[in-house]
Amino acid sequence: MMNKLKHRLLASSGFAASLIAIFAGLFVGFIILLITNPDQAVDGFVTILKGGFTGGAKGIGNIFYLATPIIMTGLSVGFAFKTGLFNIGASGQLIVGGYVAVLIGVLAPGLGSFHWVIALIGGMAAGALWAFIPGLLKALFNVHEVISSIMMNYIGMFMVNALVAETVFDSLRAQSLPVAQSAQMPTLGMDTLFKGSSVNAGIFVAILFVIVLYIILNKTTFGYELKACGFNKDASRYAGINAKRNIILSMTIAGAMAGVAGGLIYLAGSGKFIEIVDVLAMEGFTGISVALLASSNPIGVLFTGIFVSYITNGGFYMQLYDFVPEIIDIIISIIIYFSALALIVRHFFDRYALKSGLGDDDIPAPKVEPKRKRRIGLKNKEVDKDE
Amino acid sequence: MNSVYFLVQQTMFFSIPLLVVALGGMFSERGGVVNIALEGIMIMGAFASIFVISVLQDTMQGQLLLIIAILVAVAAGMIFSLFHAYASINMKANQVISGTALNMFAPAFATFVARTIQVTKSINFNNTFRIESVPLLGDIPVLGQLFFQNTYLTTFLGIAILIVSAFVLNKTKFGLRLRACGEHPQAADSVGINVYRMRYAGVLLSGALAGLGGLIFVIPTSTNFNATVSGYGFLALAVLIFGQWKPKRIIIAAFFFGFMKTLASAYTGIEFLSNLGISSYLYKMIPYIATLLVLALTSKKSQAPRASGIPYDKGLR
């Protein structure tokens, strides 16, 4: 059984390719450390590998805390990818969602223990609306979603800056006011378990959405239609799928996820406030990396989100050895670059699986065969469409 | 009248980098490779050239240093774009993923190197490149004040690049072949054009122009470089699509956006606009909202090069 699973992972998905990409990225990172500071390179590299664990219980808690928003933005980007859309606008959706969550969190006390839930739903709705616009523009006017979401990023950022200054402004610190106690995410005792960290129920909210999106994509007709649109728009239209509706819905759901990410950041009660600066929220772009590493699979996003957070935490501790934490971003970008090259690796594995008779053990050979054929067939179709 | 001069000069500072980078993107995409990495390449070009300026500025100044910086920016952009070319042409990788990786790598690398060498992230330089007034041309009434005073060498370089690009793309053998590779690489290959080589040329050109664009963006607007070009690479991508992948329209798009951006940043200097009493945030939003609206009105028939984004596989002819 275990063996079968292993073979399936190797042969069918980009799992092995992702692992190779991760090793390659770490290797290049190590070389960069060696070049910049040979004496401490090994110590520094071990710190990266130990990730958040260096900080003990606090560090472990912070892995989950930092992972929460990027899992959500990863879900956002990945979900849109599944429909063939590139949601580069998670950043704007996040900040708009975060603002509405803060607004409800500050101005609507007396909602009792459901306060944070309502604030989160508000953020979700705002994020959804922010992505609905590019979706609509794409469906009705053929506006490229990459461009419109980039524009929406900036519009959202400036708008939130203006609105924060108008509504929930802490003029002493030039940032948003703290949310009411009831609007903060419950900690569920994790603040004592992981003492000193900011981990909260947000990570469970993220896991909940991972499951929801997994079910939508893999177990429902709607999800099937979305994926069909992403795979081949013309074929799915021919099959009677309403592509325009699906574009709008896919973007809206993606935006909702990014909106929740914003809510989770600013309701965490961890001392993060909306600052009035002309800088886009980084989490939106990290979400792209998280989604790409996971091949847009929601379950994969959960793990790649935790992985990215893990080594990012390692980067913080690297400053002990006089290293600049940006080395982590360098490593992640190299990992993504190598995962882009994964196609060739995947080919290699497929060939290896066929040649070594790997199919004989657990997977009957005919099962591998049609799979290859199908892939080749699809490639041809793509070219056909072009001709 | 003074504010008109000011507006035109400012618009140049905002538009020229957009124009140059969007033209770079055009070469890549017309050749069939989507280049979302423009932002990252801009950062690399700006980083390398500003770094060289900061090292050399004690011994050298003025236009000569600027020319050296330009060459460095072009070279850095080309070298960096090679990674994108290799992934998307040789390895047939997903071009969006490769571009995203480059976009993430560049600011991290620039910050890492700057902080490793000099502790702080920002690289300072003295701006000795401003041309008060171009000899002779600057003395022409009105026109001289509009275009030949308070300007930079890079502005004229940008205009020259536009003219050359339009000519190369539409009138030369190279341009036509490049476009063929972006529209129908199989057909191009069948008549003996080396698709891989043409696509490499397209991506390298985009690297050169985007690297240059990074330098052009930083010089007039700042005296330090903070490992960011404020999303200008993405905006250039918008200008490229808004400009329908055609040089003539790209210049309109670039100046439209540049003008809007100038209004947003300089409206306080214009009595009429500052008296309207509109929030500064609204002004900052205007360029983006306007672009979105214009796109909605003009995109219906928008058509990207047909084969852009699709790796060319010889075996699939």
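The values are calculated or read from the model by the stated rules, or taken from the named source; none is laboratory data. As the structure is a computational prediction, the values presented were derived from the model and not from experiment. As a convention, Cβ positions derive from the backbone with ideal geometry for all residues, glycine included, and neighbour counts pool all protein chains shown. All accessible areas refer to the heavy atoms of the entire protein, side chains included, with ligands and DNA or RNA removed. Shrake-Rupley method; radii C 1.70, N 1.55, O 1.52, S 1.80 Å.
A few notes on this one:
- Selection status of A:L280, touching a residue at least 60 places away in the same chain (Cβ under 8 Å) and either not in a loop (DSSP other than H, G, I, E, B) or not assigned by TED's automatic domain parsing to the domain that holds A:Y154 (or both): no
- Hits in region A:296-329 - residues which are closer than 30 Å to A:G230 by Cβ and within 10 Å of chain B (Cβ to nearest Cβ): A:D329
- Test: residue in region A:61-69 that is open to solvent by 50 Å² or more (accessible area, probe 1.4 Å), in a helix (DSSP H, G or I) and touching a residue at least 12 places away in the same chain (Cβ under 8 Å): yes
- Yes/no for B:M26 being touching a Leu at 6+ places or on another chain (Cβ under 8 Å) and either surrounded by fewer than 24 Cβ atoms within 10 Å (Cβ to Cβ) or free of Cβ contacts under 8 Å to residues at least 40 places away in the same chain (or both): no
- Lone qualifier among B:A187, B:A166, B:A180, B:A201 - being assigned to a helix (DSSP H, G or I), of a type in the set (A, V, I, L, M, F, W, C) and under 22 Å from B:F257 (Cβ atoms): B:A166
- Scope region A:38-55; condition open to solvent by 30 Å² or more (accessible area, probe 1.4 Å) and out of contact with any Phe, Trp or Tyr (no Cβ under 7 Å at 6 or more places or on another chain); matching residues: A:P38, A:D39, A:V42, A:V46, A:L49, A:K50, A:F53
- Conditions (1) over 22 Å from B:A160 (Cβ atoms); (2) without any contact (Cβ under 8 Å) to a residue 60 or more places away in the chain; number of the one not met by B:T223: (2)
- Selection within region B:105-142: residues that are surrounded by fewer than 17 Cβ atoms within 10 Å (Cβ to Cβ) and charged (D, E, K, R). The member of this set that is nearest to the other protein chains (Cβ to nearest Cβ) is B:R130.
- Whichever residue in region B:276-308 is surrounded by fewer than 18 Cβ atoms within 10 Å (Cβ to Cβ) and part of a loop (DSSP other than H, G, I, E, B) and, among such residues, is nearest to the chain's Cα centre (by Cα): B:A304
- Here B:T59 passes the criteria (1) open to solvent by 30 Å² or more (accessible area, probe 1.4 Å); (2) among the polar types (S, T, N, Q); (3) assigned to a helix (DSSP H, G or I) except the one numbered (3).
- Test: A:I63 is in the same structural domain as A:L302 (by TED's automatic domain parsing) and at pLDDT below 95: yes
- Unique match (being modelled with pLDDT under 90 and open to solvent by less than 60 Å² (accessible area, probe 1.4 Å)) among A:A258, A:A291, A:A206, A:A235: A:A235
- The listed residue being open to solvent by 10 Å² or more (accessible area, probe 1.4 Å) and assigned to a helix (DSSP H, G or I), out of B:L64, B:L102: B:L64
- First in region B:107-126 and closer than 13 Å to A:I328 by Cα and of a type in the set (V, I, T), second anywhere and part of a loop (DSSP other than H, G, I, E, B) and open to solvent by 30 Å² or more (accessible area, probe 1.4 Å), Cβ under 6 Å, 6 or more apart: B:T111/A:E326; B:T111/B:K121
- Where a residue in region B:164-182 is under 13 Å from B:K246 (Cα atoms) and its partner, wherever it lies, is basic (K, R), with Cβ under 6 Å and at least six apart: B:R179/B:R30
Residues checked against (1) under 19 Å from the mean Cα position of the chain (by Cα); (2) closer than 25 Å to B:V229 by Cα; (3) buried (at least 20 other Cβ atoms within 10 Å of the Cβ):
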residue	(1), (2), (3)
A:F303	yes, no, no
A:I311	yes, no, yes
A:L320	no, no, no
A:P325	no, yes, no
A:I328	yes, yes, yes
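- Counting residues in region A:72-81 that are out of contact with any Lys or Arg (no Cβ under 7 Å at 6 or more places or on another chain), surrounded by fewer than 21 Cβ atoms within 10 Å (Cβ to Cβ) and in the same structural domain as A:F158 (by TED's automatic domain parsing) gives zero.
- Scan of region A:32-71 for residues that are in contact with a Lys or Arg (Cβ under 7 Å, 6 or more places away or on another chain) and among the basic types (K, R), ordered by number: A:K58
- Matching entry among A:A125, A:A119 (being away from chain B (no Cβ under 14 Å), under 24 Å from the mean Cα position of the chain (by Cα), open to solvent by 40 Å² or more (accessible area, probe 1.4 Å) and of a type in the set (G, A, S)): A:A125
Yes/no matrix, rows are residues, columns are (1) closer than 29 Å to A:I63 by Cα; (2) crowded, with 19+ Cβ neighbours inside 10 Å; (3) free of Cβ contacts under 8 Å to residues at least 40 places away in the same chain:
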site: A:L140; (1), (2), (3): no, no, no
site: A:H144; (1), (2), (3): no, yes, yes
site: A:V160; (1), (2), (3): yes, yes, no
site: A:A165; (1), (2), (3): no, no, no
site: A:A183; (1), (2), (3): yes, yes, no
site: A:V199; (1), (2), (3): yes, yes, no
site: A:G202; (1), (2), (3): yes, yes, no
site: A:F222; (1), (2), (3): no, no, yes
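- Test: A:I334 is modelled with pLDDT of 90 or more, in the same structural domain as A:I22 (by TED's automatic domain parsing), buried (at least 23 other Cβ atoms within 10 Å of the Cβ) and of a type in the set (A, V, I, L, M): yes
- Check on B:F27, at pLDDT 95 or above and either at negative phi or under 13 Å from the mean Cα position of the chain (by Cα) (or both): yes
- Residues in region B:207-226 that are open to solvent by less than 10 Å² (accessible area, probe 1.4 Å), small (G, A, S) and within 18 Å of B:K121 (Cβ to Cβ): B:G214 only.
- Number of positions in region A:25-39 that are within 12 Å of another protein chain (Cβ to nearest Cβ) and either assigned to a helix (DSSP H, G or I) or over 19 Å from B:R115 (Cα atoms) (or both): 7
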